[in-house]
Every structure is written in structure tokens, then in C-alpha cells.
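Following: one structure in C-alpha cells, then a few remarks.
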Amino acid sequence: MTEKIRVLFLCTNNAARSQMAEALLRHAAGDRFEVVSAGLEPTEVHPLTRQVLDERGVSTAGLRAKGVGQFLGKVKVDYAIGVCDPAELNCPRVFPFALNALQWPFEDPTAAPAGAAKLEAFRRVRDAIEARLTEWRLKLGK
């Protein structure tokens, strides 16, 4: 059996974008990828992150905000993928152990105004992440 590709999604707070990417990739291809996410300054998983994943039937069980210290120098990473601009700035220093560092900055849905606009921002980001993951997996043949 082939070893799973280990992917670490990185964002500032590990509250929305990186959590979505972790859950979506695990849902679509968890048999081929070992997936985790972490934040430079972890907070809590945003409730709308869980809601928009639930809308798609993607499990949110076990999602929790984690800091990069859990992984830095402790876990071999095939792909470290930054999903926000601050992560892009810090990834080269934080992840010299990753075989590949990719930058996929997405808008921050937590910055959207409250109410329907915020929920729509979370859905838009979820869909953009899902599309990017599908495209990437096709390029990898996974």
C-alpha cells in the first residue's frame, strides 16, 4: 500500500479557511491524504465554518484549532499549504521541513459583515477551496 501524502494547511487563526481545507480534503480523499491544519495564532473554529461544512455533508468531528508548534519539526510534511496572506509571509521560515510549500490565499470570511453577508462569504470561500483542492488533486493524479 502506498504511503499517504501528508498535507498541512496553514492560516493565521486556524478558525475558518485552513479548517475548511482540512475537512474538505479529508472528506474527498482521506484514503490518499493525511490531512491536518494549524494556525500561527490559533483561536477557535468559527461556528460558520462548521455550518457550511455541514451543509455539504462534510464531517466536522474532531476539528479544533491547533498551533504550528504541534507540527513544527515533529511531523514530516509533503505539502505545507498557506491559505491566507500572513501564512504566506511566514511559511518559508516556519516550514523549512516541508517538501513542498504552496500558497493559496483565500479571502477571510470572518472579516465579512455580520448576518447573511458573513454566511455567504463562508460559503463562497468553502466553494473556492473545494474547487482548488479538486484541481490540485487532479494535477497530482490523486
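Could you tell me the relative contact order of the range 5-140? Use alpha-carbon pairs under 8 Å, at least six residues apart, and round to a whole percent. Provide the component values of the computation, followed by the final result.
On the way: 245 pairs, mean separation 37.5, N = 136.
Normalised by residue count, the contact order of the range 5-140 is 28 percent.
At a temperature of 20 °C and a viscosity of 1.002 mPa s, determine how fast the chain diffuses translationally according to Stokes-Einstein, using the Kirkwood radius over alpha-carbon pairs as Rh; express D in µm²/s, rounded to the nearest whole number.
The estimated diffusion coefficient comes to 144 µm²/s.
Give me the net charge for the shell around Lys66: Cβ to Cβ below 15 angstrom, other residues only, Lys and Arg +1, Asp and Glu -1.
Numbers: positive: Arg6, Arg17, Arg26, Arg64, Lys74; negative: Glu22, Glu34, Glu41, Glu44.
For residues surrounding Lys66, the net value is +1.
Using +1 on the beta carbon of Lys and Arg, -1 on that of Asp and Glu, and nothing else charged, what's the dipole of the chain about the Cα centre, debye to 20? List each step's numbers first, then the result.
Values: 20 positive and 17 negative charges, 72 e Å.
About 340 debye.
Between His27 and Lys118, how many nm apart are label points set 7 Å from Cα along the C-beta direction?
Between His27 and Lys118, the simple spin-label model gives 2.1 nm.
At 27 Å minimum axial length over the Cα atoms and a Kyte-Doolittle cut of 0.5, report the qualifying DSSP H helices in the chain, or say none. If you can, show how the numbers build up before the last one.
Working: long enough: 116-140 (36 Å, -0.41).
Membrane-span-like by this criterion, though nothing is claimed about a membrane: none.
Just to be sure I follow the rule: in the chain, considering lysines 8 or more places apart or on different chains, how many pairs have Cα atoms under 25 Å apart?
10
Around Arg17, with a cut-off of 10 angstrom between Cβ atoms, what is the net charge of the other residues, counting Lys and Arg +1 and Asp and Glu -1?
That works out to -2.
Every read-out reported here was derived from the displayed coordinates using simple, explicitly stated rules and does not represent laboratory data. A quick note: this is a predicted structure, and the numbers were derived from the prediction, not measured. Every residue, glycine as well, gets a Cβ built from its backbone with ideal geometry; the counts of neighbours run over all protein chains shown.
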